[in-house]
Amino acid sequence: EEARGQSAGSGRSLIMLYEGPKDDTKTRESLAILCGTYPNLIFGYMRVDTHIQDLAKKGVRFTGRFPVIHVYKGTTKTDQLMGDASQEDLERLVKNANGAST
């Protein structure tokens, strides 16, 4: 919520990584590095298993395929990846998100 508000207020796109019960350090680190190369992007992540009940109350549903990566422009979700993604998939997602921010 806080990261989406920051994104909406700044006009920058938000890339949000939702991790499941299994910590996904590789994806998190890759996205952090990729997002760091574009000043128009904000990167955030959270462990869903620790917040699942709160998220469900807000209408957020997950299929169980983690990690899940959403791209938001303001409050609108513009792109997503689910499950294990390749480095090329992550690069495409970040590049497209940066294009949406400019």
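The values are calculated or read from the model by the stated rules, or taken from the named source; none is laboratory data. On a predicted model such as this, the values are computed, not experimentally measured, just so you know. Cβ placement follows ideal geometry from the backbone for every residue including glycine, while neighbour counts extend to all protein chains displayed. Protein only, heavy atoms only, side chains kept; ligands, DNA and RNA dropped before computing areas. Shrake-Rupley method; radii C 1.70, N 1.55, O 1.52, S 1.80 Å.
For the chain, leaving out every one of the trypsin sites (Lys or Arg not before Pro) that falls in a DSSP loop and has at most 13 other Cβ atoms within 10 Å, the longest unbroken run is 66-102.
Distance between the 7 Å Cα→Cβ label points at residue 86 and residue 32: 2.6 nm.
Accessible surface ranking for 51, 70, 1.4 angstrom probe, highest first: 51, 70.
Candidates (1) 35, 29, 17; (2) 46, 36, 19; (3) 76, 31, 17; which is the computed Cα extents along the principal axes in Å? Computed from these coordinates, Cα extents along the principal axes in Å corresponds to label (1).
Each residue of the range 82-93 was assigned a 3J(HN,Hα) from its phi angle through the Karplus expression (A = 6.51, B = -1.76, C = 1.60, θ = phi - 60°), giving 10, x, 5, 10, 6, 4, 5, 4, 5, 4, 4, 4 Hz with x at Gly and Pro.
Label sites at residue 65 and residue 47, each approximated as a point 7 angstrom past Cα along Cα to Cβ, lie 2.4 nm apart. Summed over the residues of the chain and divided among them, the accessible surface reaches 59 Å² per residue at a probe radius of 1.4 Å.
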